[in-house]
Amino acid sequence: MEKRRISFSPPDISELEIEEVCEALKSGWITTGPRTKLLERRLAAYIETGKTDVDCEIQENERRYSNRVVCLNSATAAEELNLRIFGVSAGDEVLVPAYTYTASASAAIHCGATVKFVDIQKDGDAATHMPEMDFEKLEASITEKTKAIITVDIGGVVCDYDRVFEIVKRKKNLFKPMGSDGTPLGDLSSRIQKAIGRVAVVADSAHSLGASRVFKGMRRYCGAIADFTSFSFHAVKNFTTAEGGASTWLPLDGIDNAEIYHMYQLLSLHGQSKDALAKAQNSSWEYDIIGPWYKCNMTDIMAAIGLRQLDRYTTLLAHREQIIAKYDETCDALGIHHMTHHTDVMDSSNHLYLMRIPGITVEQRNGIIRELAERGVATNVHYKPLPMMTAYKALGWDIRDFPNTYDYYHNLITLPLHTKLSDEDVEYVCESLKETMRSAVLM
Ligand SMILES: Cc1ncc(COP(=O)(O)O)c(C=O)c1O
């Protein structure tokens, strides 16, 4: 086999994205503006209907698809704002799976909360084989201080939200909604906590735009399942705006959705009562600062990439699915365990390909990664568990308390999965894996 260079996750940018970015640059408006607002509306329509071809500039559609998405500069910022809107702060506890990326936990720490890690189920969820939290341990970890659970839809696979919601409802009596401190944010958070009336389910769906699952008997898309959801549009994600992300939430009875949307705007733009676009209109220069808040808005240049990515998104997802089918075939033939992207109740966004090689040590796993790299195939590990990381060890966490998490990690490899892979590239990855496994057996 002639050697190929297979990178792990390059962005898929077509002429369409390039042209739209040029249009944005020439338009005279490059920060948060009309393109960002249009992307928010179209993402809201996608989350509600699964349709990517909705033109939300039309007035009628503006009313039909709610103002439930705020585009930001990262998923980390989106999760942080989700927690801040819900009023998470010092003294609160946030439950996070030990098996995830740091941003799932660090966003809660930024808010001043204490993170409590939860081990995963042995070998992951029975149907998808993904590292879902152990539900008994999750339930037992909820105390009077718990304000939120971060569920992580790793690799685009949607967690079992029916189970998570059953748990938070059963533990409702422990939840004490915060009172208002009289500030605009404190007052809104207090009303949101009273309306939800239990621990909030805050999804880290960094990988999962477009994924869906049957929830409460109905198929719903990520962004319309958990109380709050964050998406990542980072360069390595299925859907990219270079950097970027979005927050979305479930509209609440008794609270005007426009008020929640406006609070996200304030939190993401210095607490400034008017954004640059509003100030530019009708020479209405004067603004107020409502709170000394953050700066994490999306620019129209980023949104320009997103608008054209959204046009192509269902095609991109289908391409990923074909690659997954080839990988499944190869892993099955080699006796390698792998995640399941599609079940009767769940369709993932086909973001990552996690596989676990039975009977190998961490050293052998790392040897296989090195050998694949020598053959030109870049792979990865999603993830080294957080209790193994310096920052979290310093907070007192110890991986020995999370045996299922460690076990899941020790033999895991993530294969390259992206839409720049040709059929020949996929064939090359599969053949390289077969050859590497043959030499690994001899090691
Ligand atoms: C599970 C998970 N959550 C959150 C993030 C953070 O995303 P962003 O880089 O957009 O902040 C990532 C990034 O890779 C991730 O993998």
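The values are calculated or read from the model by the stated rules, or taken from the named source; none is laboratory data. Bear in mind that the values here come from a model prediction, so they are computed numbers and not experimental data. Positions of Cβ are backbone-derived with ideal geometry, glycine not excepted, and every protein chain shown enters the neighbour counts. Ligands, DNA and RNA are excluded from the accessible area calculation, which covers all protein heavy atoms including side chains. Shrake-Rupley method; radii C 1.70, N 1.55, O 1.52, S 1.80 Å.
Overview of results
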quantity: Stokes-Einstein D (µm²/s) once Rh is taken as the Kirkwood radius of the stretch 185-236 over alpha-carbon pairs, at 20 °C in 1.002 mPa s; calculated: 170 µm²/s
quantity: Shape metrics for the stretch 290-443, restricted to C-alpha atoms - Rg then Dmax, Å; calculated: 19.1, 66
quantity: J(HN,Hα) series, the stretch 249-265, from Karplus relation 6.51 cos²θ - 1.76 cosθ + 1.60, nearest Hz, glycine and proline x; calculated: 8, 8, x, 10, 4, x, 10, 5, 4, 4, 5, 5, 4, 5, 5, 4, 4
quantity: Calculated over the stretch 356-443: convex hull of Cα atoms, volume per residue (Å³); calculated: 111 Å³
quantity: Rh (Kirkwood; distinct C-alpha pairs) - the stretch 140-214, Å; calculated: 13.7 Å
quantity: Helix-derived mean residue ellipticity, 222 nm - over the chain, DSSP H n ≥ 4, -39500 (n - 2.57), to 500; calculated: -13000 deg cm²/dmol
quantity: Length added when fully stretched, L334-M218, from 0.36 nm per residue minus Cα-Cα; calculated: 38.1 nm
quantity: Portion, in percent, of the accessible area of the chain that falls on carbon or sulfur, probe 1.4 Å; calculated: 52 percent
quantity: Long pairs among K3/K434; K26/K51; K194/K274, criterion Cα-Cα beyond 20 Å; calculated: K26/K51; K194/K274
quantity: A373-A235 pseudo-label distance in nm [points 7 Å out on the Cα-to-Cβ vector]; calculated: 1.8 nm
quantity: Using a Förster distance of 25 Å, the FRET efficiency for E15-V381 (Cβ separation, nearest 0.05); calculated: 0.15
quantity: Mean projected area (nm²) of the alpha-carbon convex hull when the stretch 316-404 is viewed from all directions; calculated: 8.3 nm²
quantity: Residues of the stretch 367-404 with amide N under 20 Å of a point placed 7 Å along Cα→Cβ from A140; calculated: 387, 397-404
quantity: Quotient of Cα Rg and 2.2 N^0.38 Å for the chain, N being how many residues it contains; calculated: 0.99
quantity: Spatially proximal aspartates and glutamates relative to K279 (Cα-Cα < 14 Å; intrachain offsets below 8 disregarded); calculated: D288
quantity: Segment S89-A258, extension gain: residue separation times 0.36 nm, minus the distance between their alpha carbons; calculated: 58.5 nm
quantity: Sites T49 and D311, calculated FRET efficiency, Cβ-Cβ separation with R0 25 Å, nearest 0.05; calculated: 0.95
quantity: Whole-angstrom Cα spans of the stretch 22-151 along principal axes, big to small; calculated: 52, 36, 29
quantity: Calculated SAXS-style log₁₀ I(q)/I(0) at q = 0.17 Å⁻¹ - the stretch 77-135, Debye, Cα scatterers; calculated: -0.58
quantity: Quotient of C-alpha Rg and 2.2 N^0.38 Å, computed over the stretch 192-294; calculated: 1.29
quantity: Share antiparallel - DSSP beta bridges, the chain, percent rounded to 5; calculated: 60 percent
quantity: Computed label-point distance, nm, for sites R5 and S27 using a 7 Å Cα→Cβ extension; calculated: 3.5 nm
quantity: Rg(Cα) / (2.2 N^0.38 Å) computed for the stretch 89-179, rounded to two decimals; calculated: 1.06
quantity: Principal axes of the stretch 246-339: Cα extent on each, largest first, Å; calculated: 66, 31, 24
quantity: Sites E166 and K420 - FRET efficiency at Förster radius 51 Å, r taken between beta-carbons, to 0.05; calculated: 0.80
quantity: Normalised contact order of the stretch 199-354, rounded percent, pairs of Cα under 8 Å and 6 or more residues apart; calculated: 23 percent
quantity: Zone residues, the stretch 242-267, relative to D187, backbone N less than 15 Å from point 7 Å out along Cα-to-Cβ; calculated: 255-256, 259-260, 262-263
